[in-house]
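All remarks here apply to the structure that follows.
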Amino acid sequence: MIMRPWMIEVAHGYLKASRLLSLNKLPVPSIVVAAIGVEILFKSFLVEVDGEKGGLGENYRFDNTKYKIRNGGHNLFDLFNAIPDDIKFELSFYKYKEYFSEYYQTPFLDDRYPYEKSASGGYTDVLADIGEEMLNIIIDYYKNNECNDPWIEKYPDV
């Protein structure tokens with residue numbers, strides 16, 4: 001499996017921000033930020049290196065047309081489906097499929113403007129919970145497969 005530790009670090013920041021927003025009774029920004037964190041986790045399995053490979057600060061490019069991701073590359077169910085099956089199996093991600101097919105396909109688009117008709121109207125921390133679980137699974141995988149990124153090595157003490 002290709003490892004993209006910088007993307008995992010960035011996703012962690014968004015998921016942590018989602019928790020802080022929720023704790024401060026800001027549910028709408030919380031779910032939108034959690035959606036960004038999960039989107040980054042999913043895209044970490046799908047991006048190509050953009051420029052020089054290796055080292056800290058490696059850059060990536062995501063081509064949503066390659067994977068036929070709807071909604072400008074923000075459809076979490078499409079992203080989930082684009083992750084190779086062997087990776088979803090190895091990381092036990094299939095248990096999350098229903099969440100992305102039924103409840104959280106496009107929260108970044110649907111929920112960011114709560115005054116629009118398409119908004120959910122009700123908000124929970126479930127997406128942040130799922131994102132944090134997946135983040136920990138990915139980090140454990142990276143650690144068990146000798147990822148030598150300093151942030152990954154220090155996690156959770158970051």
statement: Flagged in the range 114-141 as over 17 Å from Tyr96 (Cα atoms) and assigned to a helix (DSSP H, G or I), in numbering order, are Ile139, Asp140, Tyr141
task: Exactly one condition in (1) among the hydrophobic types (A, V, I, L, M, F, W, C); (2) assigned to a helix (DSSP H, G or I); (3) under 29 Å from Lys143 (Cβ atoms) is not met by Leu109; state its number.
output: (3)
task: State whether one or more residues within the range 136-147 are closer than 24 Å to Gly55 by Cβ, under 17 Å from the mean Cα position of the chain (by Cα), among the charged types (D, E, K, R) and open to solvent by 30 Å² or more (accessible area, probe 1.4 Å).
output: yes
task: Output the number of residues of the range 44-69 satisfying the condition of being in contact (Cβ under 8 Å) with a residue 24 or more places away in the chain, farther than 19 Å from Leu135 by Cα and out of contact with any strand residue (DSSP E or B) (no Cβ under 8 Å at 6 or more places or on another chain).
output: 2
task: Residues being surrounded by 11 or more Cβ atoms within 10 Å (Cβ to Cβ) and part of a loop (DSSP other than H, G, I, E, B): count how many of those fall in the range 44-103.
output: 17
- line: Given the conditions (1) farther than 19 Å from Ile8 by Cβ; (2) open to solvent by 30 Å² or more (accessible area, probe 1.4 Å), every one holds for Glu132 apart from (1)
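The values are calculated or read from the model by the stated rules, or taken from the named source; none is laboratory data. Source: prediction; values computed, not measured. When we count neighbours, we look across all protein chains shown, and the Cβ atoms used for this are built from the backbone with ideal geometry, even at glycine. The area values use the complete protein model at the heavy-atom level, side chains included, leaving out ligands, DNA and RNA. Shrake-Rupley method; radii C 1.70, N 1.55, O 1.52, S 1.80 Å.
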